[in-house]
Every structure is written in structure tokens, then in C-alpha cells.
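Notes follow the structure.
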Amino acid sequence: MKFAYIAGPYRAEHPYQVAANVRRARDVADELALMGYFCIVPHTMTAHMDGIQDDKFWLDGTLWSCCPGRHIARERRKSVTLH
């Protein structure tokens, strides 16, 4: 099985922009799922939970949920461009 961790902008100045960012992440996950990827989409896992914890809490937690006990170096990740 192929896996994809969907990363992209989440935070924004206005709540409707945050909702648009969540929707974009979901749209990318939909496309990748059709290509056979199981997608981990932190945007949908923690949507609109701002203020409960700081950003580091959510970012670290979602990365751990993808790869428990492992550190992913930025240079080892790869991007996929969808059209």
C-alpha cells in the first residue's frame, strides 16, 4: 500500500480561509486516493482546534501519528504535483 502525508497551509488570517485550506487538503487527498494512496490528512484530523494547544503541539502530534517514534528529515520527503 502507498501512503501520503498531506502537508500544506492551514493557518490563515480569517476562519473562512482556514476552511478553504482544509478543503484544499481534502481535495488533494481525494485525488491521491483515486491514485491508490492512503492519505494522512492532518488538516482534517485537527481542523478548527486552534487555541486549545499551541501550534507545536498539533504539528508534532500529527507527524508522530504518521511515523511514531521516527523523525522525518525535510530533505527526504518528496512532493507530488497534481493537475
- Item | Subset of the stretch 42-63 [in contact (Cβ under 8 Å) with a residue 12 or more places away in the chain and either over 29 Å from residue 1 (Cα atoms) or exposed (fewer than 12 other Cβ atoms within 10 Å of the Cβ) (or both)] | 48, 50, 55
- Which residue pairs have Cβ atoms closer than 9 Å, lie 6 or more positions apart in sequence or on different chains, and pair a first residue in the stretch 19-41 that is without any contact (Cβ under 8 Å) to a residue 24 or more places away in the chain with a second residue that is surrounded by 17 or more Cβ atoms within 10 Å (Cβ to Cβ) and in a helix (DSSP H, G or I)? 21/43; 23/43; 24/43; 25/42; 25/43; 26/43
- Task: Please work out which one of (1) modelled with pLDDT of 80 or more; (2) exposed (fewer than 10 other Cβ atoms within 10 Å of the Cβ) is the condition residue 68 fails and give its number.
- Result: (1)
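For the structure I just gave you, tell me whether residue 4 is outside any strand (DSSP E or B) and either of a type in the set (A, V, I, L, M) or farther than 17 Å from residue 65 by Cα (or both).
no
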- Task: Could you look through the stretch 1-25, keep only residues that are under 19 Å from residue 60 (Cβ atoms) and aliphatic (A, V, I, L, M), and pick out the one that is farthest from the chain's Cα centre (by Cα)?
- Result: 25
- Looking across the stretch 27-54 at residues that are part of a helix (DSSP H, G or I) and modelled with pLDDT of 90 or more, the single one that is farthest from the chain's Cα centre (by Cα) is 34
- Item | the stretch 1-22: number of residues that are surrounded by 13 or more Cβ atoms within 10 Å (Cβ to Cβ) and charged (D, E, K, R) | 0
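The values are calculated or read from the model by the stated rules, or taken from the named source; none is laboratory data. Because the structure is predicted, anything quoted here is derived from the model rather than measured. Positions of Cβ are backbone-derived with ideal geometry, glycine not excepted, and every protein chain shown enters the neighbour counts.
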